[in-house]
Amino acid sequence: MSRSITPPTFTLFRTLILCACCPGFLFAQVAKPSASPKMPIHVKVVVVAMFERGEDTGGGPGEYHLWVEREHLDQVFPLPAGYHHVRMNKDGVLGMVTGVATAKAAASVMALGLDPRFDLSKAYWVIAGIGGGDPADVSLGSAVWANHVIDGDIAYEIDAREIPESWPTGYVPLQKATPYEQPLSSELDGEVYTLNQGLVGWAFGLTKDIQLADSDNLRAARAQFTGFPNAMKPPFVTRGDNLSGSTFWHGKRMNEWANAWTKYYTGGQGNYMISAMEDSGTLQALTFLDQAGRADLKRVLVLRTVSNYDREAPGSTPADDLKESLTGRKYSAFLPAVEAAETVGDKVVRDIVEHWSVRESTIPHAP
């Protein structure tokens, strides 16, 4: 008795006949072309902030808040391997928060740099945050474009109570036996990062005439620093050197160390102006990403603005001054510094975006 063929069986029977007659048929059925992979997003500028207070928008601002609102960084991308999600706008500007101190900064920047969703090979990096300024060089609310970023953590250290009387500090460069021992080691490993001086000069030239916000509070705070002419000036834009380290240090003697440490690692050419807690970590990650073709070190800028002085005012002590800083009484320039970082930094960001047809292939430089 005959048995009818059900539709699935008939389909298989027909396929076997076609395979026998046309071997290419089976290949065509099995090797269907896969969907095209998504192309990575081409980023023009990465804005790097270090911390935010609360949410990205609304409330009192940290370093990120004003960038999110004014650059309209409305598209959110999770970044599970980093400290904080990242945001983008329609112009190709991406913003990130690294987290405080060098370890978080290095890890977060590396997480972004290796993320396959983004093409950062032509991106400019604008690292913009606040820091403690040297009153010999800058005033509260001022902005400093960095020529060099010097690492203040890579060192030997002897307790201050046991420093030899002839030593000016207990910090000693690695592989050396005394502070600032010459000659400088021929092979350094993260102690100093020299930025693209042509690009730094261009950014400074573009922003040096920006009028930064001043106030009665800033004037009153500056007035305490008699004997420091630059500290008495209204806020201004300049360029100098940045000392980065995870230890928040403070005081006249530490300021002297920062100046000497900077001169040592820049062959006497550098001038320490402002401190930071993340930038050496960020620059180390970007150095590795540059080696991997994932970033371009020649396109990196570091901008720090002065939220406080890095030492006590005449007539005070470092301990008293630090205590007042922790209560907020010495941070009269916090909000002006946050404002200055976005105002000065965004002048550069807007120029890059608006002239992308040129900036993509040609890095701007000072004339």
(message) Return the pair list, or none, for Cβ contacts closer than 8 Å from residues in region 237-250 that are within 18 Å of ALA155 (Cα to Cα) and at pLDDT 95 or above to residues that are of a type in the set (Lys, Arg) and crowded, with 18+ Cβ neighbours inside 10 Å, at least 6 apart or on different chains.
(response) ASN242/ARG304
(message) Exactly one condition in (1) part of a strand (DSSP E or B); (2) open to solvent by 50 Å² or more (accessible area, probe 1.4 Å); (3) touching a Ser or Thr at 6+ places or on another chain (Cβ under 8 Å) is false for THR238; which is it?
(response) (2)
(request) Could you tell me whether ASN308 is touching a residue at least 24 places away in the same chain (Cβ under 8 Å) and within 22 Å of GLY201 (Cα to Cα)? (result) no
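Each row is one residue, and each column tells you yes or no for (1) touching a Pro at 6+ places or on another chain (Cβ under 7 Å); (2) at pLDDT below 95; (3) open to solvent by 60 Å² or more (accessible area, probe 1.4 Å); (4) outside any helix (DSSP H, G or I).
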| residue | (1), (2), (3), (4) |
| --- | --- |
| ASP321 | no, yes, no, no |
| SER325 | no, yes, no, no |
| ARG329 | no, yes, yes, yes |
| LEU335 | no, yes, yes, no |
| VAL353 | no, no, no, no |
| ILE363 | no, no, no, yes |
| PRO367 | no, yes, yes, yes |
(request) Name every residue in region 117-157 that is hydroxyl-bearing (Ser, Thr, Tyr) and out of contact with any helix residue (DSSP H, G or I) (no Cβ under 7 Å at 6 or more places or on another chain), in order of residue number. (result) SER121, SER142, TYR156
(request) Scan region 273-319 for residues that are among the β-branched types (Val, Ile, Thr) and open to solvent by 20 Å² or more (accessible area, probe 1.4 Å) and jot them down. (result) THR287, THR317
(request) Please determine, by comparing only the residues of region 107-145 that are open to solvent by 10 Å² or more (accessible area, probe 1.4 Å) and in a helix (DSSP H, G or I), which one is farthest from THR226 (Cα to Cα). (result) ALA111
(request) Sort out which residues of region 48-93 are among the basic types (Lys, Arg) and surrounded by 18 or more Cβ atoms within 10 Å (Cβ to Cβ), and write them in order of number. (result) ARG87
(message) With the requirement that a residue be more than 21 Å from ILE130 (Cα to Cα) and assigned to a strand (DSSP E or B), what does region 66-88 give you?
(response) GLN75, VAL76, PHE77, MET88
(request) Scan region 266-305 for residues that are of a type in the set (Lys, Arg) and part of a helix (DSSP H, G or I) and report the count. (result) 2
(message) So the check is Cβ under 6 Å with 6+ separation or different chains; which pairs have a first residue in region 44-57 that's among the polar types (S, T, N, Q) and a second one that's crowded, with 19+ Cβ neighbours inside 10 Å?
(response) THR57/VAL68
(request) Could you please give the count of residues in region 63-88 that are in contact (Cβ under 8 Å) with a residue 60 or more places away in the chain and among the acidic types (Asp, Glu)? (result) 2
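The values are calculated or read from the model by the stated rules, or taken from the named source; none is laboratory data. Note that the coordinates shown come from a computational prediction; the quantities given were computed from them, not determined experimentally. Note: ideal-geometry Cβ built from the backbone for every residue, glycine included; neighbour counts use all protein chains shown. Accessible surface areas use protein heavy atoms only, side chains included; no ligands, DNA or RNA. Shrake-Rupley method; radii C 1.70, N 1.55, O 1.52, S 1.80 Å.
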